[in-house]
Amino acid sequence: MSHGDTTRAVEAVWRIESARLIGALTRMVGDVGLAEEFAQDALVSALEKWPEEGVPSTPGAWLTTVAKRRVLDRWRRDERFKDRMADLGRGAAENDGQAEFDAALEEDYGDDVLRLMFVCCHPVLSGKARVALTLRMLGGLSTDEIARAFLVPEPTVAQRIVRAKRTLAKRRVPFEVPAGADRDARLSSVLDVLYLVFNEGYTATSGADWTRADLCEEAMRLGRVLAALLPEEREVHGLLALMELQASRLRARSGTDGRPVPLADQDRSRWDRLLITRGLRSLARSVPRDPAEPRGAYSLQAGIAAEHARALGADDTDWVAIALLYERLVRLTRSPVAELNRAVAVSMALGPAPALEIVDALRGIPELAGYHPLPAVRGDLLVRLGRSGEARSEFERAAELTRNERERELLLERARSG
């Protein structure tokens with residue numbers, strides 16, 4: 001194996017194993033920042049030794065062993081580290097330290113990954129910090145990869161990650177899965193972070209690319225991990241269903257020139273049937289057995305995506321069912337974005353006039369002041385009502401607001417065509 005092939009193998013192993021390794025080390029040392037430091041030391045060793053010695057048959061175990069030795073070395077030579085470990089109840093006499101660390105690192109990895117998710121998505125951190133830390137610790141992405149994904153300077157991402165780790169250490173955030181109401185609130189944060197990552201891949205907020213499939217895939221991978229760890233949580237399955245059903249359309253969302261292709265114009269033969277099957281299966285697990293029991297927001301959104309997935313063509317879409325699902329979603333979330341999407345469904349089910357009334361009622365809401373889909377939707381409704389001059393202004397306004405170059409081109413084209 002060439003040096004380049006070995007380096008790629010190391011990177012692949014790291015992407016797969018880093019969350020489990022950092023989780024196990026965090027449980028040991030009580031600090032996610034220190035845990036990543038030890039895990040990175042193991043990664044450096046792999047980059048140095050594997051090109052010469054070859055990739056081991058069990059690379060994850062190899063990284064764990066090296067990281068464990070780094071922890072023991074620090075414990076033996078650094079009194080401050082030893083004191084810190086003692087404060088955490090993890091002290092050990094030098095002659096039996098090896099056995100203690102061996103036993104600790106051989107405990108169940110699955111629980112560690114779940115704990116790590118809850119730590120990375122702790123509400124004490126800002127939304128941007130949660131995303132950066134989640135992709136770093138759970139996704140195994142480098143700072144540069146995260147920066148490129150979100151089109152921000154690498155130092156900005158690095159600072160967010162450093163500040164996040166310091167905040168977690170300063171607040172002494174426990175490495176645990178919380179219970180009761182706190183658990184529900186934190187789980188909601190975890191789901192929101194995963195969907196934010198997915199959405200950035202599904203429709204890039206800025207830059208020249210319309211979509212970023214790699215981010216969608218990473219969010220789905222983490223969603224599947226979470227669903228396996230929390231099989232009884234319906235909203236986890238709801239989010240996974242939503243991501244899989246939406247991701248099934250990724251190949252059809254862009255033309256060969258990279259330009260966006262609206263849903264109605266997509267070649268549905270390019271939709272990924274395997275992802276649709278998986279998404280519908282996850283959707284079924286998100287729906288309560290008792291029809292009187294309310295569905296969660298992600299389950300409702302997945303239900304909407306499923307209506308599109310089941311339709312053989314755009315004309316076969318059950319827009320009445322979609323409008324009703326959006327109505328339930330609006331009642332549940334009070335989200336003006338969901339209300340805007342309901343307007344689109346109403347326009348397809350009942351015509352543009354009643355939909356325009358819904359959209360006009362949203363125009364004064366501060367949350368939507370800079371939200372480019374609002375004038376874009378209004379422009380589309382005005383075109384259908386024959387008010388092309390007003391529509392042109394709306395499309396131009398939407399083009400000014402979007403930061404995605406591909407979408408701006410499409411909106412300006414619509415403005416010119418009237």
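The values are calculated or read from the model by the stated rules, or taken from the named source; none is laboratory data. Keep in mind the model is a prediction, meaning the values are calculated, not measured. Here the Cβ positions follow ideal geometry from the backbone for every residue, glycine too, while neighbour counts run over all protein chains shown.
Data for the structure
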read-out: Residue list for region 215-231, filter: touching a helix residue (DSSP H, G or I) at 6+ places or on another chain (Cβ under 7 Å) and of a type outside the set (A, V, I, L, M, F, W, C); value: Glu218, Gly223, Arg224
read-out: Which listed residue, of Leu324, Leu332, is under 24 Å from Asp265 (Cα atoms) and surrounded by fewer than 22 Cβ atoms within 10 Å (Cβ to Cβ); value: Leu324
read-out: Number of the condition not met by Ala39 [criteria: (1) touching a residue at least 24 places away in the same chain (Cβ under 8 Å); (2) of a type in the set (Gly, Ala, Ser); (3) surrounded by fewer than 18 Cβ atoms within 10 Å (Cβ to Cβ)]; value: (3)
read-out: Considering residues of region 42-100 that are farther than 30 Å from Arg8 by Cα and basic (Lys, Arg) only, the residue modelled with the highest pLDDT; value: Arg77
read-out: Single residue of Leu239, Leu215, Leu191, Leu226 found to be at pLDDT below 90, under 16 Å from Thr134 (Cβ atoms) and not β-branched (Val, Ile, Thr); value: Leu215
read-out: Filter result for the condition that a residue is in contact (Cβ under 8 Å) with a residue 12 or more places away in the chain and more than 26 Å from Val13 (Cβ to Cβ), over Val193, Val124; value: Val124
read-out: Positions within region 267-280 being touching a residue at least 24 places away in the same chain (Cβ under 8 Å) and either surrounded by 13 or more Cβ atoms within 10 Å (Cβ to Cβ) or of a type in the set (S, T, N, Q) (or both), in sequence order; value: Arg268, Trp271, Asp272, Leu275, Ile276, Arg278, Gly279, Leu280
read-out: Top-ranked residue of region 210-239 - restricted to ones that are outside any helix (DSSP H, G or I) and among the charged types (D, E, K, R), ranked as nearest to Val261 (Cα to Cα); value: Arg212
